[in-house]
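Enquirer: Before I ask anything, let me first share the structure, which is written out below as structure tokens.
Here, each number is a calculation from the coordinates, and none is a lab measurement. Computed from a predicted model, the values in this text were never measured in an experiment. Positions of Cβ are generated from backbone atoms using ideal geometry, with glycine treated the same way; all protein chains shown enter the neighbour counts.
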Amino acid sequence: MINEIMADTKTRMKKSIATVKVELAKIRTGRATPGLLDHVVVSYYGNDVPLNQAATISVSDARTLSVQAWEKNMVPTIEKAILESQLGLNPVTAGEVVRIPIPALTEERRREMTKLVRTEGENGKVAVRNIRRDAISHARDLVKSKDIGQDDEKKGVEQIQSLTDQYTAEIDALIKEKEAEIMEV
């Protein structure tokens with residue numbers, strides 16, 4: 001019974017880590033990465049689709065993204081979607097290619113970004129702690145229903161706490177790495 005709880009807890013915590021990684025990837029660092037445009041949505045034949053399903057996104061150089069539309073008539077739509085994405089990016093159209101220069105971040109903006117990174121990291125830690133709470137609650141319910149003994153519950157709670165500490169440390173490492181990336185000039 002405890003093994004099932006542990007397996008479920010581990011799976012859910014891994015999903016929380018993956019979510020934190022996705023959220024951190026969306027935060028602009030001053031370096032060009034295709035992940036910056038992951039949440040940009042364009043209207044493609046009446047349907048709203050992610051930009052990467054209507055165009056090819058590539059990195060031209062360290063500070064420039066290139067977006068190659070699959071169809072020439074999509075170029076203005078893509079340009080408009082990027083402008084409206086509130087990423088602070090100004091696309092430049094060159095024929096069928098939309099080039100997006102990534103401006104350098106100011107010191108003030110870098111500090112704001114690190115606060116945002118910490119907020120996302122804290123959200124991830126809260127999710128991990130909520131998973132821990134659910135798992136411990138489930139273990140206590142098993143003790144109440146006499147499915148497991150108190151010794152098994154105690155071992156299970158220790159294992160769950162160990163898992164929580166491990167994933168919280170992983171989130172801290174992700175935050176530290178992203179902050180260093182942002183503060184790098």
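Enquirer: With unit charges on the beta carbon (Lys/Arg positive, Asp/Glu negative), name the residue among SER58, TRP70, VAL40 whose Cα is farthest towards the positive pole of the charge dipole of the range 34-101.
Expert: Going by the Cα projections, it comes out as SER58.
Enquirer: Let me ask you something else. Where does helix 150-183 land angle-wise versus the long Cα axis of the chain, in degrees 0 to 90, nearest 10?
Expert: 20
Enquirer: Related question: Tell me the label only: which of [x] 71, 40, 21; [y] 45, 33, 33; [z] 38, 35, 32 is Cα extents along the principal axes in Å as calculated from this structure?
Expert: After the calculation, the listed value that fits is [x].
Enquirer: Go ahead and run the numbers for FRET between ALA94 and VAL59, Cβ-Cβ distance against an R0 of 22 Å, rounding to 0.05.
Expert: Values: r = 16 Å, r/R0 = 0.73.
Step by step, r from the Cβ atoms, then E = 0.85.
Enquirer: Given a Förster distance of 35 Å, report the FRET efficiency between VAL143 and GLU177 from their Cβ-Cβ distance, rounded to the nearest 0.05. If you can, show how the numbers build up before the last one.
Expert: Numbers: r = 40 Å, r/R0 = 1.14.
After rounding, the FRET efficiency stands at 0.30.
Enquirer: Using a Förster radius of 30 Å, what is the FRET efficiency between GLU4 and ASN123 based on their Cβ-Cβ separation? Nearest 0.05, please. If you can, show how the numbers build up before the last one.
Expert: Values: r = 27 Å, r/R0 = 0.90.
Using R0 = 30 Å, I get an efficiency of 0.65.
Enquirer: Nearest 20 debye, what's the magnitude of the dipole of the chain about its Cα centre given +1 on Lys and Arg Cβ and -1 on Asp and Glu Cβ? Can you show the working numbers first?
Expert: Values: 28 positive and 29 negative charges, 41 e Å.
Once rounded to the nearest 20, the dipole reads 200 debye.
Enquirer: A further question follows. State, as an integer percentage, the relative contact order of the chain based on alpha-carbon contacts under 8 Å between residues 6 or more apart.
Expert: Numbers: 223 pairs, mean separation 48.2, N = 185.
Relative contact order, the chain: 26 percent.
Enquirer: In the structure displayed, which of LYS154/LYS176; LYS15/LYS176; LYS14/LYS115; LYS15/LYS155 lie more than 29 Å apart, Cα to Cα?
Expert: On the way: LYS154/LYS176 33 Å; LYS15/LYS176 20 Å; LYS14/LYS115 24 Å; LYS15/LYS155 24 Å.
As for pairs spanning more than 29 Å Cα to Cα, those are LYS154/LYS176.
Enquirer: If each of ARG109 and GLU84 carries a label point 7 Å out from its Cα toward its Cβ, how far apart are those two points in nm?
Expert: Calculated label separation equals 2.3 nm.
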